[in-house]
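Read through the structure below, which is laid out as structure tokens, and then see the notes.
Just so it is clear, none of the values below were taken in a lab; they were calculated from the coordinates. These figures come from a predicted structure and were not determined experimentally. We place every Cβ from the backbone using ideal geometry, glycine too, and count neighbours over all the protein chains shown.
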Amino acid sequence: MTESWMNSFWFAWIVLPLLIFIARIADVTIGTIRLIFVARGMKILAPLAGFFEVLIWLVVIGQIMRHLANPLCYIAYAAGFAAGNYIGMMLVDRLSIGKVLIRIITQKDAGPLVDSLKEQQFGVTVLDGRGAQGKVQVLFTVVKRAHIEQVQRLIHQFHPEAFYSIEEVGQVAKGVFPVEKNRWKAERLRALMPFRKGK
């Protein structure tokens, strides 16, 4: 019964392409997150994600090789790859893993912005510089990805005309960061990253 069902029209042209599509989404999504884990030095989660990524990929490729005459399998594979990239990027943004460097350049006095950043427990370094239009002040602050919007609101509040850029930071040693309000979330993330470098 099972063998006849797997050889039926419905399985070959509807169920199988759908399963390949879903599996490919899972495979690529895990792969995208794995790359983030590798960049963040998460030595436990990165190999674990890699194991499931390759396992799913092998199963999908095996099914495609058994149904080479079915063009829907190829379409489902490609569509799953595209959707997996999109979903993976969305998940990475929602997970807010890691830290970023925010560089702010302003021609106005940065004192009020610096004070506000310090009040919210963000570490900040200020340098005097000279730009194309004269003297400027350059602010550097390293924050968790989850706090990017909070810092952006402060920039727009005090220096709406300021230039700022945001860059990924691989690893951070020491630094000043706000205390996590959600202690359960912080403890859960620490439990998942026991061998992560930098504190």
Quick one: net charge around G129, please, counting Lys, Arg +1 and Asp, Glu -1 for every other residue with C-beta under 12 Å from its C-beta. +2
Burial-style ranking of 142-150, 30-38, average other-beta-carbon count within 10 Å with highest first, yields 30-38, 142-150
Within the range 116-130, list the residues whose amide N lies under 15 Å from a label point set 7 Å along Cα→Cβ of K108. 116-117
The residues W10, W57, sorted from fewest to most surrounding Cβ atoms within 10 Å, come out as W10, W57
By how many nm would the segment from L48 to S8 grow when fully extended, if each residue of separation counts as 0.36 nm and the alpha-carbon distance is taken off? 10.8 nm
